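Read through the structure below, which is laid out as structure tokens, and then see the notes.
The values are calculated or read from the model by the stated rules, or taken from the named source; none is laboratory data. Keep in mind that what you see is a predicted model, and the values were worked out from it rather than measured. Cβ: placed from backbone, ideal geometry, glycine included. Neighbour counts: every protein chain shown.
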Ligand code: ADE
Ligand code: ZN
């Protein structure tokens with residue numbers, strides 16, 4: 001099965017690039033940039049990755065990002081992720097970045113986006129991995145800050161395909177950003193949003209109706225609302241599910257309790273993603289391997305998940321068909 005999983009061409013659609021920063025690189029960058037981090041060793045960092053909910057993770061995750069200062073740092077982090085993609089046979093990836101995590105520390109927007117974009121360009125040329133960038137607004141910050149970030153993104157429209165919404169979900173409904181997303185849509189950005197990870201199903205309705213999203217990030221709580229399931233099924237609205245993340249953040253007690261299979265059998269368009277792989281115990285391949293084992297996924301189910309990743313990607317129909325055909329022939 002490991003071999004079969006490795007060979008499956010995959011698209012990853014829910015990956016925070018800051019969440020791919022491995023402890024080893026965090027240490028290297030802390031030295032390179034003279035930034036203190038509150039850990040003495042890689043082992044100590046790994047021990048601190050013991051979360052009880054989304055917020056307990058976010059507190060450590062934003063702290064980790066402090067070591068990213070120069071364009072080359074963003075390049076190195078993104079390049080390291082692309083090498084992992086190559087190992088896992090991820091042939092297409094759509095990565096999130098959180099500009100406000102960096103601009104609020106005085107790092108220029110251009111430094112962040114240019115480092116990430118240059119690595120992705122090299123990924124296309126040297127590794128044959130296609131990619132897109134999605135800019136996320138931090139939902140715990142206010143509407144004004146999101147508008148300011150959107151303004152900064154306008155000069156980089158050629159690099160950013162869409163906007164998303166992440167960070168602390170509960171208490172920060174999608175409706176808070178309705179006007180920002182309206183402007184983003186007018187400017188030609190596609191929209192996605194984290195919803196129904198920890199937050200209620202109402203947030204998923206709002207993401208659909210107010211933010212006009214093309215995908216729901218997570219959405220695992222959808223099954224609590226029959227009408228919502230009908231809507232998601234009818235529209236074949238993709239849910240970018242992140243199984244290892246959900247267990248690490250205690251959305252489910254253990255992987256064998258995860259509702260991935262129920263989502264699939266309810267007719268929903270779901271696929272597997274890694275979210276923040278450096279923090280949650282595995283990249284996409286590892287998510288596939290552990291889900292296969294704990295949820296007893298068949299080869300056909302694994303293929304369906306990989307096909308769904310391409311069906312849901314921001315990619316030309318021609319390229320989607322090319323990959324889907326390859327998977328069908330396996
Ligand atoms: N930022 C990084 N990972 C996240 C997640 N799983 N949910 C919300 N915000 C995030
Ligand atoms: Zn996420």
Residue in segment 272-310 that is farthest from ligand 2 (Cβ to nearest atom), counting only those that are within 24 Å of residue 233 (Cβ to Cβ), surrounded by fewer than 19 Cβ atoms within 10 Å (Cβ to Cβ) and within 21 Å of the chain's Cα centre (by Cα): 303
Flag if residue 168 is outside any helix (DSSP H, G or I), touching a helix residue (DSSP H, G or I) at 6+ places or on another chain (Cβ under 7 Å) and farther than 29 Å from residue 83 by Cβ: yes
Cross-chain or 6+ apart pairs with Cβ under 6 Å, segment 94-109 first and more than 25 Å from residue 313 (Cβ to Cβ) and at pLDDT 95 or above, then within 11 Å of ligand 1 (Cβ to nearest atom) and part of a strand (DSSP E or B): 100/138
Residue that is farthest from ligand 2 (Cβ to nearest atom) [pool: residues in segment 207-217 that are touching a strand residue (DSSP E or B) at 6+ places or on another chain (Cβ under 9 Å) and free of Cβ contacts under 8 Å to residues at least 60 places away in the same chain]: 212
Condition met for residue 78 (within 15 Å of ligand 2 (Cβ to nearest atom), within 17 Å of the chain's Cα centre (by Cα) and modelled with pLDDT of 95 or more): no
Residues satisfying the stated conditions in segment 223-254, i.e. more than 24 Å from residue 189 (Cβ to Cβ) and within 16 Å of ligand 1 (Cβ to nearest atom): 243, 244, 245, 246, 247, 248, 249, 250, 251, 252
Selection from segment 122-135 of residues that are in contact with a strand residue (DSSP E or B) (Cβ under 9 Å, 6 or more places away or on another chain) and farther than 20 Å from residue 16 by Cβ: 124, 128
Condition broken by residue 171, with the remaining ones in (1) within 16 Å of ligand 1 (Cβ to nearest atom); (2) farther than 21 Å from residue 65 by Cα; (3) under 18 Å from the mean Cα position of the chain (by Cα); (4) surrounded by fewer than 22 Cβ atoms within 10 Å (Cβ to Cβ) satisfied: (3)
